[in-house]
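Reviewing the structure listed below.
The values are calculated or read from the model by the stated rules, or taken from the named source; none is laboratory data. Note that this is a predicted model, so its numbers are computed, not measured. With ideal geometry, Cβ positions are generated from the backbone for all residues, glycine too; neighbour counts draw on all protein chains shown. To get the accessible areas, we keep the full protein, side chains included, count just its heavy atoms, and leave off ligands, DNA and RNA. Shrake-Rupley method; radii C 1.70, N 1.55, O 1.52, S 1.80 Å.
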Amino acid sequence: MRHSDFGLEDHPLRAALSSEMHVRKLPPMAAPTRMMQVVLSGDRGDIALERHKLAELFAFDAAEAKDGANFLLGERGDMRIVWERHTEFSSYMFIRAGAFDDPFDPDAFAAIPDRWFADLPGKVVRATQFAFCDAAIADRAADYFSAEDLVVCDVADGAGRIWSDFRIHRDGFGRLLLADKGLTGPEASLVVQRLQELGNYRNMALLGLPMAQRLTPEVSGFEARLAALSAAIATGESADETLLRDLSALSAELAGVVAETRYRMSASRAYSEISHDRLASLRVGRVQGYQTLADFTDRRLLPAVRTCISFSARLEDLSQRLAWTSSLMRTRVDTALSRQNRDLLASMDRRTDLQLRLQQTVEGLSVVAISYYLVGLIGYASKGLALGEAGHGVLMAIAVPIALAVTWLGMRRIRRQFAHE
């Protein structure tokens, strides 16, 4: 019965996830075999060009060569190719099985046309010749490497032994030799793949070191400038406007460095972790008198990655301190503005009080003036009534308080109307 007969429905990604667990494997191999791997950095947008160049020389299985594939196995005569596309780089591994006398003969891969890589995007991050041999070649393996840098160790719990000096030789390639001491089944392919991946990811992890070293003096300058600005804020020797301008400029410069380095530093940490995973899976054993692959890797990779981690931590700490200082400066400016606003409001209150008193004085004088003219009008009117001097004086005396009261009430009513409006 099929699983659908039980009413089970597949997740849309089930098949893709299952396939993902089986891709990116080297084909089975046995000694003697020679390999050449080239790792190119490049943008994923150039994947179509890579696939086109590969199709010119190599035949691929139709099912594997579908659009969007990031892993291909191809053949050309007695030579096979394994192509992988990663986020930041592409790797090309050429494989030729068969007996050989010189494990690193430059003519072993003469079937690749001259300047075939010239049109491919990216620059060489790593280029290595790899020989998988039997004991006869292994007896003179040390002759192909620099004695002072020679790394010799067992892998796969002693089922294989490697030799390398991890130097770039005259032909522009590094060299790595693996002797078969009992590798069985797919173990040989796994060991070869892990050795190559260890070297590839180690080199990619080291890409962050030159950037960290180049920008460290600039970050030190940022720290000195921030310390000087913090001291200036504490002492109050500089104008707030100048301090804010300098803090904003420093913040913008720091943001530029963070944007430039964030991806590279995080990528270096990730590649370093993968390298150590691959190193652990190789199950390295020591050969008396030689440094091991673990010794060589830890001696330079760990300090380099720790430098990158320290550099990132400095940037993060500097960003946090700059944010605190900027916040402190803004608080100081806001406090000064609040104090100015308080003083301004107090000044406005005093002016309003003075204006109110002046208005009240003017209103009082207006009541007197209007009452004076009103009493005058009454006096002119009373002369026409022939009241005599005594009667005229009494009328004027009575008119004065009445005129004052009427005028005051009228002014009060007008003020209330304006207040309501």
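Any idea which of ARG115, ARG126, ARG194, ARG175 is charged (D, E, K, R), within 26 Å of HIS86 (Cα to Cα) and at pLDDT below 90? When all the criteria are applied, what remains is ARG115. In the set (1) surrounded by fewer than 15 Cβ atoms within 10 Å (Cβ to Cβ); (2) acidic (Asp, Glu); (3) at pLDDT below 90, GLU253 fails one condition alone, (3).
For ALA228, indicate whether it is modelled with pLDDT of 90 or more, part of a helix (DSSP H, G or I), farther than 15 Å from ARG126 by Cβ and not hydroxyl-bearing (Ser, Thr, Tyr).
Working: modelled with pLDDT of 90 or more: yes; part of a helix (DSSP H, G or I): yes; farther than 15 Å from ARG126 by Cβ: yes; not hydroxyl-bearing (Ser, Thr, Tyr): yes.
In short, yes.
Scanning the range 44-64 for residues that are part of a loop (DSSP other than H, G, I, E, B) and modelled with pLDDT under 85 gives ASP61, ALA62, ALA63, GLU64. Only one entry of ILE137, ILE112 meets the criterion of being touching a strand residue (DSSP E or B) at 6+ places or on another chain (Cβ under 9 Å) and over 20 Å from TYR290 (Cβ atoms), and that entry is ILE112.
Residues that are touching a Leu at 6+ places or on another chain (Cβ under 9 Å) and assigned to a strand (DSSP E or B) within the range 153-165 comprise CYS153, VAL155, GLY160, ARG161, ILE162, TRP163, SER164, listed in sequence order. When each of GLU237, GLU241 is tested for being open to solvent by 60 Å² or more (accessible area, probe 1.4 Å), part of a helix (DSSP H, G or I) and either more than 30 Å from LYS123 (Cα to Cα) or in contact with a Phe, Trp or Tyr (Cβ under 9 Å, 6 or more places away or on another chain) (or both), the lone residue that passes is GLU241.
Regarding GLY98, is this residue on the phi > 0 side of the Ramachandran plot and modelled with pLDDT of 85 or more? Criteria met by GLY98.
Across the range 106-124, what is the number of residues that are open to solvent by 30 Å² or more (accessible area, probe 1.4 Å) and in contact (Cβ under 8 Å) with a residue 40 or more places away in the chain?
Initially, the range 106-124 is screened for residues open to solvent by 30 Å² or more (accessible area, probe 1.4 Å), giving 106-107, 110-111, 113-115, 117-119, 122-124.
Imposing the further condition that a residue be in contact (Cβ under 8 Å) with a residue 40 or more places away in the chain reduces the set to 106, 113, 117, 119, 122-124.
The total comes to 7.
Report yes if LEU226 is assigned by the TED database to the domain that holds LEU250 and crowded, with 18+ Cβ neighbours inside 10 Å, otherwise no.
On the way: assigned by the TED database to the domain that holds LEU250: yes; crowded, with 18+ Cβ neighbours inside 10 Å: yes.
Yes, satisfied.
Flag set for ASP334, criterion: of a type in the set (D, E, K, R), open to solvent by 80 Å² or more (accessible area, probe 1.4 Å) and farther than 30 Å from ARG194 by Cβ. Screening PRO210 on (1) within 30 Å of GLY285 (Cα to Cα); (2) open to solvent by 50 Å² or more (accessible area, probe 1.4 Å) shows it passes everything except condition (1). Inclusion of SER251 among residues that are under 30 Å from VAL152 (Cα atoms), touching a Leu at 6+ places or on another chain (Cβ under 8 Å) and not assigned by the TED database to the domain that holds GLU88 is not warranted.
In the set (1) without any contact (Cβ under 8 Å) to a residue 60 or more places away in the chain; (2) within 30 Å of PRO103 (Cβ to Cβ); (3) of a type outside the set (Asp, Glu); (4) not in a loop (DSSP other than H, G, I, E, B), PRO210 fails one condition alone, (2).
Surrounded by 17 or more Cβ atoms within 10 Å (Cβ to Cβ), modelled with pLDDT under 95 and not hydroxyl-bearing (Ser, Thr, Tyr): does that describe ALA294? Considered against the rule, which asks whether it is surrounded by 17 or more Cβ atoms within 10 Å (Cβ to Cβ), modelled with pLDDT under 95 and not hydroxyl-bearing (Ser, Thr, Tyr), ALA294 comes out as yes.
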